[in-house]
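Here is the structure we will look at, set down as structure tokens.
The values are calculated or read from the model by the stated rules, or taken from the named source; none is laboratory data. Given the structure is predicted, the values throughout are model-derived calculations rather than measurements. No Cβ is skipped: glycine too gets one built from the backbone with ideal geometry, and neighbour counts run over all protein chains shown.
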Amino acid sequence: MKLQANGKVLDLSQPQIMGILNFTPDSFSDSGKFFSLDKALVQVDKMLNEGAAIIDIGGESTRPMADEVSEQEEIDRVIPVVEAVRQRFDCWISVDTSKAAVMRESAKAGMDMINDIRALQEPNALETAAELALPTCIMHMQGQPRTMQAAPQYDNVVEEVLQFLQNRTALCLKAGIKNENIIWDVGFGFGKTVGHNYRLLQQSARFAVHGYPVLAGLSRKSMIGAILDKPVDRRVIGSVTCALLAAQNGATILRVHDVAETADALKIWQATVHA
């Protein structure tokens, strides 16, 4: 399994690490720590040296109760970062956005991959993704970031998330998106209780068998804090454990804050697999 974009190939025969770069003043984890171009580039360099293959740049916080960001403000945040990373580093660049205009401008600036928590359901997003012909991750979310954790309910969370991803995939294919450009994300923490999240983690292999790369984003999330009773900055071990469990169940892209620690865990796992 592999992804291709802009003359580059990303080999997914073993899991690849996606390093998170929240270029926002209000992200749930790093709270604007990298909200300046210089600091952001230092963090990108650090994550790539620690083992990340993809840098995921986001200009709008999607934490619960997050304020929405205008299209122009998101463009103003994201595009200079994409341009600067493209100029300085030979890595895959993902942009975490749901807005068609941001996708289009990011592609001009050098983006390789779209990462959309709203699964291309915003106006013109589906058509834009098809036109850009880049690898695109579609994610399941019940509700919207502002309200998604109010009272999430499912009859069967695994079946309902799977059905959603299959339905959105069918629409993506109908719109002209290539099968090999579709990536799935079950949306840990997006409109799910702690129980729902761990059920999805337990059953991750159910998603991997359908032939699409699976992106798992569990890093530092409240599902970890709920079990460990630890604040965001003390969830590294929990985050790495969740990433490793996801990888063992077929996830091929691991979206994380703690790149070095995740890379170490994957090396130990791979050494064990190939012993």
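Taking the criterion of being at pLDDT below 95 and under 17 Å from Tyr212 (Cβ atoms), the only residue of region 14-45 that qualifies is Gln14. Taking each residue of region 186-202 that is in contact (Cβ under 8 Å) with a residue 12 or more places away in the chain and looking for partners that are basic (Lys, Arg) and surrounded by fewer than 24 Cβ atoms within 10 Å (Cβ to Cβ) with beta-carbon atoms closer than 7 Å, six or more apart or interchain, yields Phe188/Lys221; Gly189/Lys221. When Leu254, Leu266, Leu228, Leu218 are checked against the criterion of being buried (at least 16 other Cβ atoms within 10 Å of the Cβ) and without any contact (Cβ under 8 Å) to a residue 40 or more places away in the chain, a single residue qualifies: Leu218. Note on region 106-127: among residues that are crowded, with 21+ Cβ neighbours inside 10 Å and not aliphatic (A, V, I, L, M), the one that is nearest to the chain's Cα centre (by Cα) is Asn115.
Leu134 meets all of the listed conditions (1) surrounded by fewer than 21 Cβ atoms within 10 Å (Cβ to Cβ); (2) in contact (Cβ under 8 Å) with a residue 60 or more places away in the chain but one, namely (1). Is it true that some residue in region 68-90 is in contact with a strand residue (DSSP E or B) (Cβ under 8 Å, 6 or more places away or on another chain), closer than 30 Å to Ala263 by Cβ and free of Cβ contacts under 8 Å to residues at least 24 places away in the same chain? For region 68-90, residues in contact with a strand residue (DSSP E or B) (Cβ under 8 Å, 6 or more places away or on another chain), closer than 30 Å to Ala263 by Cβ and free of Cβ contacts under 8 Å to residues at least 24 places away in the same chain: absent.
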